[in-house]
Every structure is written in C-alpha cells, then in structure tokens.
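Read-outs: derived from the displayed coordinates by stated rules, not from any lab. Computed from a prediction, not measured in an experiment: that's the story for all the values here. Please note: Cβ atoms are built from the backbone with ideal geometry, for glycine as well, and neighbour counts cover all protein chains shown.
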Amino acid sequence: AQKITQTQPGMFVQEKEAVTLDCTYDTSDQSYGLFWYKQPSSGEMIFLIYQGSYDEQNATEGRYSLNFQKARKSANLVISASQLGDSAMYFCAMRGLLNAGNNRKLIWGLGTSLAVNP
Amino acid sequence: DGGITQSPKYLFRKEGQNVTLSCEQNLNHDAMYWYRQDPGQGLRLIYYSQIVNDFQKGDIAEGYSVSREKKESFPLTVTSAQKNPTAFYLCASSTRGYQETQYFGPGTRLLVL
C-alpha cells in the first residue's frame, strides 16, 4: 500500500536559517510524483514544489528545494533563508500511476508544523 | 485572476439538515476534487471528477453527494446521513497533464449546531 510518513510533528527554526522537513514514502509503483504543500493558519493549501520519480535533478522553486533520494524513498523539503511568513503546516503528498484505475488520488502525510522564530 | 473559490467560508448545520458547499474554478481544469481535513490528520478524499457529468467516490464518500453539471463547478452536499460532519472542507482542481498538480481553494469550515 502507498504511504507517506512525516516524522516531525513540529519544528522550530530561527529566521534567516535553513530548515529541512522530512518525508518518506512507500510505493511499489515505478512512476510516481511527490508534492509539497504549505497550509498557513488561514487554511488554504498552497502548492510549493513537485518532483517526478524519473526526474534526474532535484526540484527547486525559489527558496524551496526538494532533496530527492529515490533509493531511500525520501523527499525532504528544504527551505532556505526562513522568513516569518513560512510559519505554517507543511504536507508531503504522493500520486501513483496515472490512469491506474482512473484513480488520481493523492496520498497525504500528517504534516509538520513549522514555527519561524524572529 | 484565475483561481478556485469556495463558499461560504463558514457553514453551520443543524441536526438532520442537508447543506451544500460551493466550489467554482476558472482555471479551465478538467479534474476537481473534494477533501475533508480533521485536526491532526491529513487530507482524505471524498469525491473526485475527471470530466463533466462523471464522478467517482473517494475514501470517505458515505454521507456525501456531488454533481458535475458544468466544468467550472463541483458542489458538495453534506447529507443528514453524515453523522460527524464537523471538519474543514477543501476543494481542488487539476489539469490532466503528467505533473497534474492539484490547486486548492480557501476551504469551508462546517460546524454542527
């Protein structure tokens, strides 16, 4: 069965420092995608970054980068130069094979709460 | 501005009452989804639709119903059969391309009186 594990319920980081949020996944699929979303206290789920299983390079989007280690089945999110506005819940999610029974379901982790201290 | 809108932001339901949550998108996305989020839990899929007039049950469809009469709209009805409806409901939409990123609306918080 597919599963996403986020082992850090809460994290603290000092403003302007980098922080790594952990995500490990379990799947028997060869083709899959990994996503990170940010959920501030307002509730909206904001897409941050995507990594495909066949992508050879780690994905980057501005201050966000994804440390993808396929053999270890990990897809950690790295936020550089943390800002106060980065305080939020962060969710890792995985999508399996496209058109596998027409199921486009995302599998979600339980999230990590990040607090950025001034 | 392109995006996904959900209304209302807060919704109160009385016992035995059906309520409908609105979700509209102007991103020209084919696929739309409804999720439920409870405190301390990840998102759980209620229903999803890949094209107009077609939808499939997700993991927790019991007590919910949907329709997809227009590409832009995917309303969710929480019926009286849903015994524990208090939660945060998120609507999302996506393209059908390889990356198929889901983009979310601002959510509706449903409370039972």
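Only residues that are facing chain B (nearest Cβ under 10 Å), of a type in the set (Ser, Thr, Tyr) and touching a Leu at 6+ places or on another chain (Cβ under 9 Å): list them for the stretch A:1-59, please.
Passing the criteria: A:Ser31, A:Tyr37, A:Tyr50.
Where residues in the stretch A:1-21 are more than 14 Å from the chain's Cα centre (by Cα) and of a type in the set (S, T, N, Q), which of them is surrounded by the fewest Cβ atoms within 10 Å (Cβ to Cβ)?
Of everything passing the filter in the stretch A:1-21, A:Gln14 is surrounded by the fewest Cβ atoms within 10 Å (Cβ to Cβ).
In the stretch B:37-73, which residues are within 14 Å of chain A (Cβ to nearest Cβ) and under 16 Å from B:Gln25 (Cβ atoms)?
First, the residues of the stretch B:37-73 that are within 14 Å of chain A (Cβ to nearest Cβ): B:37-51, B:54-61.
Once the filter is applied, which keeps residues that are within 14 Å of chain A (Cβ to nearest Cβ) and under 16 Å from B:Gln25 (Cβ atoms), the stretch B:37-73 yields B:Tyr47, B:Tyr48, B:Ser49, B:Gln50, B:Ile51, B:Phe55.
Residues to consider are A:Gln14, A:Gln51; find the one that is closer than 30 Å to B:Thr5 by Cα and among the polar types (S, T, N, Q). Quick ask: steps written out before the conclusion?
Details: A:Gln14 fails: closer than 30 Å to B:Thr5 by Cα.
Going through A:Gln14, A:Gln51 in turn, just one is closer than 30 Å to B:Thr5 by Cα and among the polar types (S, T, N, Q): A:Gln51.
Residue-wise test of (1) surrounded by fewer than 21 Cβ atoms within 10 Å (Cβ to Cβ); (2) more than 14 Å from B:Gly42 (Cβ to Cβ).
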position: A:Cys23; (1), (2): no, no
position: A:Ser28; (1), (2): yes, yes
position: A:Ile49; (1), (2): no, yes
position: A:Ala71; (1), (2): yes, yes
position: A:Asn76; (1), (2): yes, yes
position: A:Leu84; (1), (2): yes, yes
position: A:Ala88; (1), (2): yes, yes
position: A:Pro118; (1), (2): yes, yes
